[in-house]
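The values are calculated or read from the model by the stated rules, or taken from the named source; none is laboratory data. All values derive from a computational prediction rather than experimental measurement. No Cβ is skipped: glycine too gets one built from the backbone with ideal geometry, and neighbour counts run over all protein chains shown.
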Amino acid sequence: MAGHSSRALVDPFAQRLLSTDLPGLTRAQRDEVSAFAVRRVDGLPSALRIGVTLIAAPMRLIVAVPGSGRIVSWLIRHPLPGVGEYVRMIRSLAYTYIWERWPDASTNGTVTAAGDSR
Amino acid sequence: MSADTPMHSIATLPRYDAEILVIGSGAGGATTAALLAEAGFDVLVVEEGEWVEQGSVVPFSLEQMDRQYRSGGVTVALGLPSIAYTEGRCAGGGTEVNSGLYRRPPAELLERWRTQYHIRDLDPDDIYAIADEIETAINVTTVPGPVSAPSAVLQRGADALGWENSESPRWMTYPPGGNAASGRRQSMTRTYLPRAHAAGARILTQCRVRKLAIDSTTARHADVTLADGSPARIAFRHVFVCGGAIHTPALLQRSGLRERIGDTLAVHPTVKLAARFRDKLNVPDDVPVHQVKEFAPDISFGGSASNPGLIALSLADNWRDFAHAQDDWERVSVYYAAITSQGKGRVKAVPGLRDPLVTYHLTARDKHLLRSGLSRLTLLMLAAGADEVYPSYRAAPVIRSAADIALLQQSFATTKATVMTVHLCSTVPLGEHPSCAADSFGKVRGMRNVWVNDASLLPEAPGVNPQGSVMAFAVRNARRFIESERPHG
């Protein structure tokens, strides 16, 4: 498992979650944050990664369905068992990364040039 | 890496075989290696992670998690709720990344362990004499001058409520005239690993032990994977497994040793909150040194790392209602309530998987204590002058007054909370009681030359920061080994 990136499974959902939660992030910033979340999922302990994959795969399918935006938004806001933990993990990773990388980002994710810590 | 770093790469290490193989270089492994090397044994330490010089990464940052934590810090014991935990994975193990707070094991706890688990020759006075030595070796000391502002919050709140609190000493050195911000951590890469190296021990980093080859009651060699991915074999006369409470039992199980191993994981579960104050107080790269022990050992309170990313993490479950605190992160700090759990967990190596499956089950009492702990911690924050308190669980209310705590008590459930721990113990408990997986000095039952000497041995989570207990038992057991296995010549 360790050799396969979970990017195809995780990135579309992470992008959708970030667009919903933090609309102030630019596309490039979302890409950067999502790439971080994918790296962390790739590094999960084996058993945990299998569990995450079992949840991420159907979530990926839902995200791919045209017009599923409302369903995905509902899933993001309503913590169903299992799915809720996946949402929580991606959100936790993303928020931790965003505010370490851009400590002065506004609460909708907008990063001013001065707030970019790089 | 400095010129005197006692780390060896594949190219410079002349040979792998050793009289004593120590697997893991944290609080247990480093002390074991130093004592055995100083007694004249030929010691090889293998460490799965890399050697990271202190100061080369920002404490509690994501970069540190990438380089010095297992799985980037994202590790979970599955259960209802699941419990997030972290483990060091670097030279020095957890001592490189933890808070550095130091507590001796309570004497009454040692006495209870001695009788309950039938631990031979466990004398609290002996353990405390060892603790004296350790405290000198790693320079256990208090902060010179005033403590940091987030630490003063704990002191102020507890004093206002009449609750017992104290500054926990740390393994730190401070320069002359130094202050709370100028401490230098005396972790294993600064203390026992250089001692081991000076006494002739070899240290091989980025070397993962896949399994021990066991012939009846004797382990013959270790099958390892080196930094370049190539396999190798390390022969030894004795092996000390010191990979921590998760990976020590997992390695033993992968090697065919399963009886009573990995079935009794014990942790200190914690729940957290963020609190906002009128004045700026945040210290992004350090943790508070005060702990509140009014309800110990059942419940203890302390402070957590609070850089902006970790504040966002603690607010994320209720971002819509809590996000405004992120704008004020310099006035916010994160605190925890930790409990002594009566629950138990398991570590199971699963064939075909690299990492073990870890589970943990909280009891009804544990869940009650977590609720009670979070409520009392909230009260403590208000007593210290917090404007607003943000408990870390889904649908938590913002707490602005003591009257609001009733809302917390009504709405809290552990299944909604982010339950975490950094203290993992007891997966290969020592003692002569039939439930114990190792004998009174850490030798694995039924084995002639396989020893455990890390947090796995503690029969229970001790209710205080466990690293002092881990080191004291490691020194005790290493000395007993030296007495019984004097090196030739």
Residue count, the stretch A:92-108 (criterion: assigned to a helix (DSSP H, G or I) and among the hydroxyl-bearing types (Ser, Thr, Tyr)): 4
Filter the stretch A:22-44 down to the residues that are acidic (Asp, Glu) and either facing another protein chain (nearest Cβ under 9 Å) or crowded, with 18+ Cβ neighbours inside 10 Å (or both) and list them by number. A:Asp42
Report every pair of residues separated by at least 6 positions or lying on different chains whose Cβ atoms are under 7 Å apart, first residue within the stretch B:124-149 and among the acidic types (Asp, Glu), second buried (at least 17 other Cβ atoms within 10 Å of the Cβ) and in a loop (DSSP other than H, G, I, E, B). none
If B:Leu424 satisfies every condition in (1) surrounded by 24 or more Cβ atoms within 10 Å (Cβ to Cβ); (2) closer than 30 Å to B:Asn318 by Cβ; (3) touching a helix residue (DSSP H, G or I) at 6+ places or on another chain (Cβ under 6 Å); (4) more than 14 Å from every other protein chain (Cβ to nearest Cβ) but one, which is the exception? (4)
What's the number of the condition B:Val58 fails, among (1) more than 11 Å from every other protein chain (Cβ to nearest Cβ); (2) part of a loop (DSSP other than H, G, I, E, B); (3) in contact with an Asp or Glu (Cβ under 8 Å, 6 or more places away or on another chain)? (1)
Within the stretch B:14-40, track down each residue that is surrounded by fewer than 24 Cβ atoms within 10 Å (Cβ to Cβ), at pLDDT 95 or above and assigned to a loop (DSSP other than H, G, I, E, B). B:Ala39, B:Gly40
Within the stretch B:346-364, identify whether any single residue is part of a helix (DSSP H, G or I), surrounded by fewer than 17 Cβ atoms within 10 Å (Cβ to Cβ) and either modelled with pLDDT of 95 or more or more than 14 Å from chain A (Cβ to nearest Cβ) (or both), and answer yes or no. yes
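Of all residues in the stretch B:306-339 being assigned to a loop (DSSP other than H, G, I, E, B) and surrounded by 21 or more Cβ atoms within 10 Å (Cβ to Cβ), which is nearest to the other protein chains (Cβ to nearest Cβ)? Give the steps one after another, and end with the answer.
The initial filter retains those residues of the stretch B:306-339 that are assigned to a loop (DSSP other than H, G, I, E, B), namely B:306-307, B:323, B:328.
Retained after the next criterion (residues that are surrounded by 21 or more Cβ atoms within 10 Å (Cβ to Cβ)): B:306-307.
Working: B:Ser306: 11, B:Asn307: 6 Å.
Result: B:Asn307.
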Boolean, B:Leu35 is over 30 Å from B:Asp298 (Cβ atoms) and either within 17 Å of the chain's Cα centre (by Cα) or in contact (Cβ under 8 Å) with a residue 24 or more places away in the chain (or both): yes
Being modelled with pLDDT of 95 or more, closer than 30 Å to B:Ala402 by Cβ, surrounded by 15 or more Cβ atoms within 10 Å (Cβ to Cβ) and out of contact with any Asp or Glu (no Cβ under 7 Å at 6 or more places or on another chain): is that true of B:Gln155 here? yes
Look at A:Tyr86 and say whether it is assigned to a helix (DSSP H, G or I), within 9 Å of another protein chain (Cβ to nearest Cβ) and within 21 Å of B:Ser314 (Cβ to Cβ). no
